[in-house]
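I have placed the structure first, in the form of structure tokens, so that the comments after it can refer back to it.
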Amino acid sequence: MVAWIHEDITVKRFGAQQQQVEMIVFVGAESTGKSTLAQHLADRLGAGFVPEIGRFIWEEKQGRLNADDYVEISERHRAAEDAAVSQASSSLVFVDTNALTTLLLGLCFGQVTEPAPLTLLRHADECRSRYLHHFVCADDIPYEEEPGVRENANWRTHIQRLVLEDIERRDIGYTVLTGTLEERAAKVMEVLSRIEPDRQITRAAA
């Protein structure tokens, strides 16, 4: 088993009124392990965690959403991120999903139509600078059906391709994560240590 230890992490300021905290976001289709990995890393590092707010709203409304609902999802998700940053006791916050996926899914499900709401478009555009790094969780793990699920295995493959196309079109730097939970976590820490050389992030065997 691998235990993660981080200390003396120096990061740039996120927003003029916020603590010195960086957000790390995990994107990808449904059932690619985003939530599990983000929560796992937050627990290991004592860092902040922001769940996928859209899932809660989707379940509350049983999937019957419109464009205004997607704007609400994006706004509430960003508010949760800002709250996590302002309350963070660590210099990292791990985030499950962002406005890129919110906009993409809204369009794919036909619940957001062109022209998309300006707020949603702006939030998606701001993702490029809002996060320290984007990690794309690969669809190389078994697909798990869940109550109220929005996709199936074939749909997951389709959405995963669109996620990658969108992030590349926007010229956003990203890393694809594959393998087991521990392999993915190890890759995240490796990438973060390269992105921020001043961070003192070490890995130790338990």
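With the highest mean first, a sort of the peptides 34-44, 177-187 on other beta-carbon atoms found within 10 angstrom per residue produces 34-44, 177-187.
State, to one decimal in nm², a quarter of the convex hull surface area for the C-alpha atoms of region 75-128, i.e. the direction-averaged projected area. In nm², the orientation-averaged hull projection of region 75-128 is 4.1. Over every Cα atom in region 56-150, the radius of gyration and the widest Cα-Cα span, Dmax, amount to 14.4, 41 Å. An oblate overall shape is assigned to region 157-197, the ratio a/c of its alpha-carbon gyration tensor axes (a ≥ b ≥ c) being 1.5 or greater and a/b not exceeding b/c.
The residues neighbouring residue 50, those whose beta-carbon lies less than 15 Å from its own, together hold a net charge of -2 under the Lys/Arg +1, Asp/Glu -1 convention. For region 117-188, the square roots of the Cα gyration tensor eigenvalues, ordered a ≥ b ≥ c, give a/c of at least 1.5 with a/b no greater than b/c, which places it in the oblate category.
Annotation: amide H-H contacts under 5 Å for residue 177 (H modelled 1.01 Å from N, sequence separation of 5 or more, or interchain): 136, 137, 138.
Going by C-beta contacts inside 10 Å, put 57, 159 in order with the fewest on the left. All intermediate terms of the calculation are to be shown ahead of the outcome.
On the way: 57 17, 159 21.
Neighbour counts put them in this order, fewest first: 57, 159.
Here, each number is a calculation from the coordinates, and none is a lab measurement. What you are looking at is a predicted structure, and each value in this text was computed from that prediction instead of being measured. Neighbour counts run over all protein chains shown; Cβ positions are idealised from the backbone, glycine included.
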